[in-house]
Structures are given as structure tokens and as C-alpha cells.
There are 4 protein chains.
Amino acid sequence: MAGSTFGTLFKITTWGESHGAGLGVVIDGCPAGLSLSKEDIAPYMNRRRPGRGNFTTPRKEDDDVEILSGVFNGLTTGTPIAVMVRNADQHSKDYDKIANYYRPGHADYTFDEKYGFRDYRGGGRSSGRETLSRVAAGAVAAKLLKEFGIDVLAYTHSIGNISLPADLLNDRSKITREAVLNSSLYMPDEESTKLAEGYLEEIKKGLNSAGGIVECVATGLPSGLGETVFDKLDARLGQALFSIGAVKGVEIGDGFASARSTGADNNDAFICENGEIKKSTNHSGGVLGGMSDGSPLIVRAAFKPTPSIALTQSTVNKDKEEIDINIEGRHDPIVVSRAVVVVESMTALVLADLLLQNSVSRLDNLKKIYDKK
Amino acid sequence: MAGSTFGTLFKITTWGESHGAGLGVVIDGCPAGLSLSKEDIAPYMNRRRPGRGNFTTPRKEDDDVEILSGVFNGLTTGTPIAVMVRNADQHSKDYDKIANYYRPGHADYTFDEKYGFRDYRGGGRSSGRETLSRVAAGAVAAKLLKEFGIDVLAYTHSIGNISLPADLLNDRSKITREAVLNSSLYMPDEESTKLAEGYLEEIKKGLNSAGGIVECVATGLPSGLGETVFDKLDARLGQALFSIGAVKGVEIGDGFASARSTGADNNDAFICENGEIKKSTNHSGGVLGGMSDGSPLIVRAAFKPTPSIALTQSTVNKDKEEIDINIEGRHDPIVVSRAVVVVESMTALVLADLLLQNSVSRLDNLKKIYDKK
Amino acid sequence: MAGSTFGTLFKITTWGESHGAGLGVVIDGCPAGLSLSKEDIAPYMNRRRPGRGNFTTPRKEDDDVEILSGVFNGLTTGTPIAVMVRNADQHSKDYDKIANYYRPGHADYTFDEKYGFRDYRGGGRSSGRETLSRVAAGAVAAKLLKEFGIDVLAYTHSIGNISLPADLLNDRSKITREAVLNSSLYMPDEESTKLAEGYLEEIKKGLNSAGGIVECVATGLPSGLGETVFDKLDARLGQALFSIGAVKGVEIGDGFASARSTGADNNDAFICENGEIKKSTNHSGGVLGGMSDGSPLIVRAAFKPTPSIALTQSTVNKDKEEIDINIEGRHDPIVVSRAVVVVESMTALVLADLLLQNSVSRLDNLKKIYDKK
Amino acid sequence: MAGSTFGTLFKITTWGESHGAGLGVVIDGCPAGLSLSKEDIAPYMNRRRPGRGNFTTPRKEDDDVEILSGVFNGLTTGTPIAVMVRNADQHSKDYDKIANYYRPGHADYTFDEKYGFRDYRGGGRSSGRETLSRVAAGAVAAKLLKEFGIDVLAYTHSIGNISLPADLLNDRSKITREAVLNSSLYMPDEESTKLAEGYLEEIKKGLNSAGGIVECVATGLPSGLGETVFDKLDARLGQALFSIGAVKGVEIGDGFASARSTGADNNDAFICENGEIKKSTNHSGGVLGGMSDGSPLIVRAAFKPTPSIALTQSTVNKDKEEIDINIEGRHDPIVVSRAVVVVESMTALVLADLLLQNSVSRLDNLKKIYDKK
């Protein structure tokens, strides 16, 4: 497995399993001179932490983050920033039962096929807990982006069939970080949150689980971020978001709906406002030709229902016998709300990397750096 | 722009603009000993070629492909395979008019923002013609995959609101390569093709354009392809498909629909058939935990309507004046049908790369190679 | 700084400063199924540890290594192996004095120029202690190589003008791991060791320091390791060895001497011994055309004298004033002996990576893996 | 073979064999806005071209270079620059004789071992002609570096035992590009050139061949180029120069001689001249801690004697029979002079890449680019 590194200039390498000693990330390529401390990372970790509302696993995860390198006197030094979280709650004995069969919807089978065996404790490397490393890195990326006036905000767009109201989706400037953080489901609308809570209550009673959609908006982006042709902004976002465990679909702007539109309706006209070129609409979701176009970036990721359910399921074991199983432990009926900050983090990581790459795209820009020396 | 390379072991680097001297690709990492000739590549190029049916641009593209290196006595040597196509039809004067304004829905504006200026002839590097390099490389990847019994087939899933019938989508084993190639729109169903042709006739009359969805299925895959965590099979497909010009959405398996499903419905039960572990359903689209799970891989890409339309549109020019434009030349009302082979090619490239990477995931597999020496 | 990752398939990412919380490495891409424990790594760490003989710094480094991930039930799982060592001995106050001037021969000045400031405590990221991460990773690479019968052994070739005797250098099969480990200077010859100890005694009395050469031999290599053209075996070794702090020269085989030889003398004739193709001589040092040729790999790295000396030196401070300095603390007159295991580790890392890459170079080899499935 | 790409931001991918259709390079990542034409590349190609003086092969290589993409209206566009040279002189029949045996000192054997067979015509991918692609790319890198006042100059330092005189090597500012280009051997000293010509006359008469050393100096470098820890300036140079066919050793600054020096002698004192920090000496060769230190960069590469000699040699054939061979055709007694421009090109490529990477190392530098937007 050599897939644990992501990014070209703002490059992260993650490591860790659900029930090993801990998890962490090495962030290599963060420019020197950025103010950074544990306190910048902790709020992101907290948003990923379970136990909020009624629908997420009560596993006590302390998630005390430690910055091990790359920061001196409160500033990044340009050297790799290593961040680590110890695993505290390791009842690996609970997992012996699942060692010998393949849970439907999980990576048990594919891990065994690929590697010959697996660390079956809590899903090992395929655990949702793996995303903790990404969130720690995402917090650093977001801090860097803020220096350039770029803000990245993700939220729950829908749970099952319950979506944010049309007026918010038609004017996303109404969606505030405060409203997102106030919702038990990170869904920035009180009514929608209540409806979704009700739906999840039902799902939970039925020993079942639900899916949903996370949306992420980035504002303040300069035009031109994204490297043609394979490292386009949307291409990198596609990789970033599909790399999150339960994601089965990704859209930019109008996404799949644009496939049913027409050119006349879908094209965003360029206009000039106060001497700046803008677009009259934003069907493109802020991406044209694989580069940021100055409008807000809008991206959505569809999450499948969490596969761990309390209902009896049929599967096979390692001896290729068909069996019925009941997965023990408490189950979250939803992971979408905890995944919101993961989507925000991955988006921030892509943007930070492309911002750095974009800096060297023009000779005149480079001269601004070197001619003053 | 350093984004023109894709892949880790089966690695391609593309180059070329619509109206430059030509376009091409360097394929580095194709294993030695694969039978390969121009004739393996030409059919893929032909499928991308316009002029089929009534809806694609009659620009005469000869697209004579030349293999410049990496093949000796009919076999790949293990060295880079360079493939080139000369541009024949270069009326760049036609494009002078568009040099000074930004076409809606195109990359004109973002290219200028990123690089300070652009090769405006025919879209330059952002032209659909750029995909020609990928198709040439995809043909080689597909040839390699065939050696391992892997088949990759893409087709038009829908154009506007007209989709393939449910019986085909419920049992994709009924979809044949022959049916795909027989349709003027690469839509493997006669009735759907006719309906779509009628719809496109209307669109064309209205000087408008249409979008659609391309679906791709890969069969014969071993389990375990995909590198956790950022180079998962679905993550790499996400990057690969979003890197295609007009793509605004990507789904694996049930995709966005799974966000509205429940765990009980969406989980695929493992079963045992003739001593082999399989899944009773394939909501996952052949990917579990980011790795191929032995079921057919199913992926869809949503294409926005082609932005070049004959209708008058409003935009701004370089002097930031708002103007109305009529883009001259003949316009395709649809690019989806020509993009089918691009989706197939990108999928093949991802699979070839991950197949190679997967080969080194286990010590016991490696010993099969070295212990015999 | 995005240069902390090395390797394509057996890929390491290092982090850590001399006086931060600790140092570590993430090894991504080690095949699953390799037996691994702390005990495999500790002996390599011990060889890097100071305090051996009379010439290395008595700083107490406990260097207790911890494997944080990637190993389950004693076997590598295929997921990233994170290894960490805490820094125990952090008297960073001692370093306040050097914060404002640039030590000759050190990276103080260039770090300030590149990043605007630096973690000046003990050299920060440019400390020799950084190599600890590489040695931990090198131990894992060496363990992997052993599975394929490949052995990597480094030793002190010369210190100042004192070199190993000609009979050993003419027949390196006489050099044993035991003899290397028995020497206080890892110089596998008693007489040479004594001479070098005497020389270092003098150097130490003179408040000065000495340089030397480390040689590394790898045996049991299959032919063909190395990727043409930029990832040739010798090219990767060149990068690997020059990445070690004080290295100023690298040679393969006859190295610089071959520039003064002739083709007739320098060419190694192929011969056939017991049905195997071999070379009658090994001027090439085991590398032909950038690939291993089946003969022992021989590589040398020249280390400059350690720049930290007790003699008064002249330099400038941050205010650009010319000053005289006396660097406090105890100084090693030599780093070469501690660097031996670093050279061995970097060589092992290059070989492990190229061994994996070589596995996918031929279609027939790949079929050995997939056809049995 | 996936080793044909070099560089992170200024990234080149080479392709081509000695006797295939042609050779070329794709340069991805050259900033937009650089003036570039064929005329910038041709002089570099000419320096690599044989037929100069009496000692290089009279094979008629026209080497007409073609820029296929990435340049518009005389400026680089930021998109990949593809450069190609057709092979004109393809008498591949001449090579049938060598198809079945392994030439000493050549890559014949290792290619067969790695790939199972080889393109034996003229050495295929391992031919010296492969460097043509690098030189084309190096010319572009050198043009870019000039925009920042950086000059790279390589020359023959020694042939066999004949070296440049001490006065030149003690003060390299005396070495001029003009003197280099005036020498038949690119050796910037008339007397040395004559002596070397005499030596080579003897070598040629003896049907033998000679080696030598190429030195390269880069001036005008800003401090700080080089990415710690594996992409240090010297590490990347090590990879770059060892990737050239016949190179067996690489040194920076005092190189191997520094291993026999002492700290007091080898340390370069910092001084202040006209308000600028400089070094009183340059034992370091312009590299401290893996970064450029503002002094001239000095690097040397040792070339083994060309292995193709007219003398009878013993070797084995594919049937493992020991045989005597006479390699037909005309042989160059020396490749060093033709390799000078290759060393210069590789050095320029490393510097261009590290210059781009260095641009994003500091937050304050980045703000110079984005805050003006």
C-alpha cells in the first residue's frame, strides 16, 4: 500500500489503524512563517469527534493531538509537521468475532484479498477513524488558506431524503459557519435538522442506518487554481472526496443535473461588476476548464449508509461458508454529520496544494519573488 | 502547469494543443512483452473521431497515429511508448475573433487568469482534442488488461432525459460491445438511440446543445485493486473522470441514490457460488473499501452540455466590456457520444496502473517472481 | 520543504528535529506478510548511537523506538509503518548563543535564507540526528531484502588518509559483518582501526575534526534492478547518499579512477561459470546501464570533516558583523563511523524500492502472480 | 520502466531509442511567458552533436529539432512543451550481429535480464543518443534560469590524466564560455586541449578508449535552493548526473578530497562584503546543508572510458557460450567532450526545478504573488 501520500507541494502522508498505538499525519511543504499551534487543530478534531447529538458512537476518543515537529516559537519552520493522536480505547478482544467473516459493505473481504490477511480490529486502516489524520492536516491547510482570504465551509446538505431548503441552496451566502456548528447534524437549518433527527430516530429503531450528502463551499479563491490536465481542481477534488470511506458520488456545481440541462441554460454569462469580471450565475460551481473561476467553489459528496447495522445479515466466512451474523457493539445510524469536517478538510488540502502550485505558473509572478532579493 | 502526467507505474504524460503541430502521449511503465501495433490503437481513435451520425463536427481529422518508440519487433520493450498524431486542419485565422473575449462555459477566462495569456486557437490545451492523447494511451492499457482477462466497456447511459431502459441497467451483462458500436450515439439500445437522435435534432434546431451521462463497466477484475487510502480505486477513478473536460459529476455503483438508501438495502451480502466468494447484489459498483471486490466495476460520469452554441450569448471582453457574441463555425449539439471512448480509456488507465501496483502488495506474490530466478 | 519523501513503491517520509518532541518515519509500501518487530530495528539504531569508542558525542540518546502502526500479530499488514523515537535530552538553552550567528560549514545560513528563520536548537532539521529516521526505515528495507537473499553491508573505508588494506579492497568477500561490528570505528580491519584511532586522537587534541569514506557492498542482487533512465540504480544511489548531511562525493565501482583508465582495462568481460553468466572483474561495481548486473554492488560516499570544531573560527552574525566564535559543547572529531549504518540504510532503501519496481517490468512475471488466482 | 520522468515542478519526460523513429522530451511545468524558439535549443543540440574534432563518431545526425506544443506567439504558454528529433540514420541491419551476444561494459545483458529481450539496434534506449532529449530540455531550463541571472557552464575538466591547469581550477572565474566553445574537446585551455588530443591520438591508435571528468559551475544562484532532506540540491544533482550513461562518480566542491581534510581547513568562513554575506573560500562547492549558499555551485562527474572499442574482447552469447568478439563500425575514443553539454543540461534542469520549488517555501514570498491580485 503506497497510497497514503496526497498532494504535490502541500503534501500529506497519513498512518495509523483504529486499534493500533495511534494515528497521525506528516504535513510536508507547508510554507514557513505560518502561525500554528495545537489550538488551531483541536476544533477540527472536535467536529469529527463522536458523541454529538444522539446518533454517533459513544466510544470515548480523547483525540488529544500532539504536534511533534515543524513548529518553532509558534511558527511553521518549513520542515515536516508531524501530528499524532494516541489511541486510548483499545478493546481489541471485542473484535475477535469478526476476524473470521466478512461484514457486508465493509473492506474486510477486499483487505484479505489484497494483503492475505488484515488487522480486523475496528476495521484497522479502513476504519473511519483513519480520517482523523486528514482532519488534523486539513486544519493546517485551512489556516494557510485564511492567510489568503480563502474560506472553506462544509455542511450536511441532506440526510436520506431530507435536504436543506431551496432558499439556502439557491443562495449559499446565507449559510453561516455559526448555523452549521449549531446543528447537532451540522445541517445549517433548524427545521431540516429536526426533520433529519426524526428520520434518524426511526432508522435507529429499525436497527438500520442512513446515508446523506455533504456539501462544501469555498469562497475568496483567486482565479486560475488547478493544473491542466490531470491535476485540474475538479479532478483533485474528485480524488480527494472519493478517497473518503463511504463516498459513492461527487458533483461540482450543478453536477448530474447539468447532464439534463442545455448549453443555453447551463452556460454562465460573464459580466463586469465594479471593474471585476464575474459570472451572472454559477452552474459551473466555480470551476471552468479545471481551474477556479473566481465564483464560489461548490462541491458535493454522496455518502452511502454506514454498513454497520444491528440487523441480522447474511455473509460468508473465511471457510467460504454462508452464515448469518449480528455485528455486536453500538452502531451509528449515520456517519454523514461526522464526515462534514472530513470533506471540509480534504477540500482545504486540495486548495492549499493547488494554491502553491499555481504560484509558479507565470514568469512574471516568479520575478516578484526573486527580483527583490 | 505540471499536471500532464497521470499514474504511478503505468504512467502517461500528454502534450499538445488543438491547433499546434500535433498531440501525443508518452506511456512509461508498460511492461515488456506486450504485443502492440498501430492497429491496436486506431479503433480507439476512430471511436473518438467526429463525423459519426449527424451530431458531431465534420472537421476532418485524419488522426493518423504514429508509434515513435518503445516497441520492437511487435512487442513493447519496457521503455517509453511515444505516440503522436499530427494536426492537419489548422485554420487558426478563424479563431482570431475569439482571442479578445471570454466564451461562456469555456476555459478562456481561467487560462488568461492563470497564465497571463492563452493559445486561443480552438481552445488550445483545453480543447476536446486533447483527449486524443488519452485515448491512444487507453488503447494500450486496455490491451494490457486483456492479457489478464479484464474487459472495459463504456457507453452512453443517457442524453438529456433519455436513458437506457431499466432492463439493461438492471442487468448490464446484456450490454454488448457490438450493440455499443452499432449505435450512432454509442448507446447500446436501438429505441433509446432513436429517441436521443430525435431530441438532439430538436436541440440542434434550437441552436442549443445537450449533456448526458456515460457509464463504464469493467469485468474480470481480480479483487484487491486499489491502494489505500488516497489511491483507492474509486479515488483514482474520480480524478481520472473529472479530468475530462466537461464532466461535472461521477458516481460509483448506486452513487447518489445510495445517499437516500438504508444500510439494510444498500449492503451487498456475500455469498458463495461454486466455491467462489461473490456478492448477491452490486450496489457497491464493484468497489469496497476502495478496492475492487470481484463484482463488475460500474462508474458513471455526467457531462454538461457542450458550451459552444450558435445562439447569441452575452459575455465580457478583455477590456472588461460587456458584449454579445455569436460563436462562428459549426457546433456539435452533443459531445457525450465522442466522450464514451475517453471514459473507457481513462478507466482502463486507472485499472492498468492499479493492477501493476497491486502486484507488489504481498511478500508471497513477490516471491513467485524472484524465487524462480 | 517538500523533500522529506523518498521512494516510489517502498516510500518513506521522515520528520523531526534534533530538539523537538521526537523524530520518526512513515514507511508506506512495505509488502504485507513480512515478520517485523522493534527488535529488528533496534540493532540498526544502536549502530547509529554515539558513545562508542572515544570519538563520538556522549549525549545520552535513549532512542527507544516505537512501531506505531502497520504491524499486526508480528507481520506487516501492507499499511503504513510509522516508527517514532522521542527526544529525551533537550537542553535547548545551550543553543541560544548560536541563534544569532552562522556556524561555518553548517546549514544555519542557508536555512535562514530559505525559510526566513530557523529552529537553531542543535541544528534543527539539519542535525545528524535526522538520519535516525532513515536508519529505522533502512532496518525494515534490509529485513525485506533478506527475504530475497540480498545482503547489504557498509563499513568505514577510510578516515583521513588511513584506508582499509589493499587485500581487503581487492577481495571484498573477506570483509565480514562481524569484523565491521567489532571495530570501534566500524572499520573491518584491526590494524587500520588502530591507526585511525591514533589519527583521531591527534585531531581531537588539535580541537579539529576529520573526514572519511564509507563503502557499502550489496550481494545476492538479481540482475536488472534499476529503472531507465532517471531512476537507474546508480542515479537513485546518488540521490540517496548525497542526501546524507556531510557527503561531498559518491562513487560506484572504480568511480573516479575509471576516468583515468581505458576501455580495454575498464570493461568487465562476461564469462560463464557453472551455467551462470558472470563478469570476470567488477570495475563496474555491479551496475551496467543503470541496472544491477549480478555482481556485488559497490558504492562509496565521501564525508567531509564534521564542521563543529572547538577551535576559534571567524564568521558573521545576523547583523552582518564579522565575529569570532567558539562553539561550546563537546565535539565529535569524526562522524564517519556513525554514518556507516546510515549509508547501509539508504542503500537498502534504494534496493528495496527498485526490487519492487522491477517486479512489474515484464508481462510474463506479472502473469505468475495473477494467473494463479 | 517508469523512470523516464525527472523533476517535481519543472518536470521532463523523455522517450526514444537510438534507431527508432525518433527521440524527444515533454517539458511540463515551464512557467508561462518565457520567450522560446527552436533557435534557443539548436546550439545545445549542436554541442552534443558528433563530428567535432577528430575523436567523435562521424554518424550523420541531423538532429533537426521541432517544438510541437507549448509555445504560442514565441512565448511558452504554461502547457507541456514537446520537443522531437527524428532519427535519420537507421542502418539497423548493422546491428544484427550484436543481437545475440553481450558487449562488455554495455547494458545489453542487464536489459535482457530486466525485460526478457531488448532493442539491440545501437543500444536502443541505453544509447548515448538518449541524452539528446535531456539536452533539448536543458536548453529550455537554461533559458529560464537566465531570466533570474543564473548561468550554468560545463566543460571538460580532464581526459585520462590530463587536467585543466591549477590556476584555472583555483579561480574558475577565469573560465569563459568562449574558451570552452573554442576547444575541440570543450576543454577551456589550449595547452590542455593539445595534450589531450595527443593522448587521444594514442588511444585511438591502440583501438582503445579513454575516460575523463566533466565539471560544471553555476553562478548567480540565490541562496536557499534545495529541498531538505531527500531533494537537497546535491542529492538531486547526484541523481541527475549518475543518470547519465557512463558516469561512475560525482563530487560537489572539494568532493573526495574533503574526506582527507580537517574541519579547520575545510570549513568556509562567512564574511561580509559590501553588505552581503559571502564565504571566504568555497570548499563546499556552493552547497551547505543541501541548499545553495550563494557561492558558485561546483560539481564534477567522472566518466568511464567508452566501452565500445575496436580491440577483440571476450564475452558470452545468449546461449551462454564464451566467445571473442570484434565490434564493428567506427568507435569514438572518448565520449566526455560530447557529454559536457549533457552535464550542463542536467544541472540546469535540477536548478530550474529547485528554483520553482523554492518559490513556495515562505509565506511572505507567496503573499507577494497573491496580495497584489
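Here are the numbers for the structure shown:
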quantity: Furthest towards positive pole of dipole, B:Gly3, B:Ala166, B:Val343, structure part chain B, Cβ charges; calculated: B:Gly3
quantity: Solvent-accessible area per residue, Å², over chain A with all protein chains present [probe radius 1.4 Å]; calculated: 31
quantity: Hits among lysines - C-alpha to C-alpha of B:Lys367 under 21 Å, sequence gap 8 or more where chains match; calculated: A:Lys114, C:Lys11, C:Lys143, C:Lys146, C:Lys367, C:Lys368, C:Lys372, C:Lys373, D:Lys114
quantity: Set of region D:302-328 residues, backbone N closer than 17 Å to the point 7 Å along the Cα-Cβ line of D:Lys205; calculated: D:310-311
quantity: Placed amide H near B:Cys272: partners under 5 Å, 5+ positions off or other chain; calculated: B:Lys278
quantity: Lysine pairs within region B:191-306, Cα separation less than 25 Å, 8 or more sequence positions apart or different chains; calculated: 10
quantity: Solvent-accessible area, 1.4 Å probe, carbon plus sulfur percent, for region A:255-373; calculated: 43
quantity: Calculated FRET value between B:Glu321 and A:Asp167, using beta carbons and R₀ = 35 Å, to 0.05; calculated: 0.55
quantity: Nearest-20 debye value, region D:274-373 charge dipole, Cβ charges on Lys, Arg, Asp, Glu; calculated: 720
quantity: Position C:Tyr370, label points 7 Å along Cα→Cβ, spacing to each other copy in nm (shortest first, one decimal); calculated: 2.2, 4.2, 4.4
quantity: Inter-copy separations for B:Gly198, label at 7 Å along Cα-Cβ, nm, ascending; calculated: 4.3, 9.5, 10.3
quantity: Mean Kyte hydropathy of 0.0 or more with a Cα span along the axis of at least 24 Å, helices from DSSP in chain A; calculated: A:336-358
quantity: Sites matching trypsin sites (Lys or Arg not before Pro) across region A:268-344 that sit in DSSP coil, with at most 13 neighbouring C-beta atoms within 10 Å; calculated: A:Lys320, A:Arg330
quantity: Partner chain coverage, peptide D:306-317 - average Cβ within 10 angstrom; calculated: 4
quantity: Coil-residue GluC sites (Glu not before Pro) of region A:308-355, DSSP, other Cβ within 10 Å capped at 15; calculated: A:Glu321, A:Glu328
quantity: Percent RCO, i.e. relative contact order, over chain D, from Cα pairs under 8 Å lying at least 6 residues apart; calculated: 21
quantity: Residue closest to axis [chain B; rotation mapping onto C; Cβ; Å]; calculated: B:Lys368, 2
quantity: Span from the region A:325-340 Cα centroid across to the region A:174-211 one, whole angstrom; calculated: 15
quantity: Estimated FRET transfer efficiency (C:Glu39, D:Thr281; beta-carbon r; R0 51 Å; 0.05); calculated: 0.60
quantity: B:Glu190 paired with C:Leu311, simple spin-label distance in nm, labels 7 Å along Cα-to-beta-carbon; calculated: 9.5
quantity: Nearest-first distances (nm) between copies at D:Lys38, label 7 Å from Cα via Cβ; calculated: 2.4, 6.5, 6.8
quantity: Contour minus Cα-Cα distance for A:Glu273 and A:Ala257 (0.36 nm per residue); calculated: 3.0 nm
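The values are calculated or read from the model by the stated rules, or taken from the named source; none is laboratory data. All figures in this text were calculated on a predicted structure; none of them were measured in a lab. With ideal geometry, Cβ positions are generated from the backbone for all residues, glycine too; neighbour counts draw on all protein chains shown. These accessible areas exclude ligands, DNA and RNA; they are computed on the full protein's heavy atoms, side chains included. Shrake-Rupley method; radii C 1.70, N 1.55, O 1.52, S 1.80 Å.
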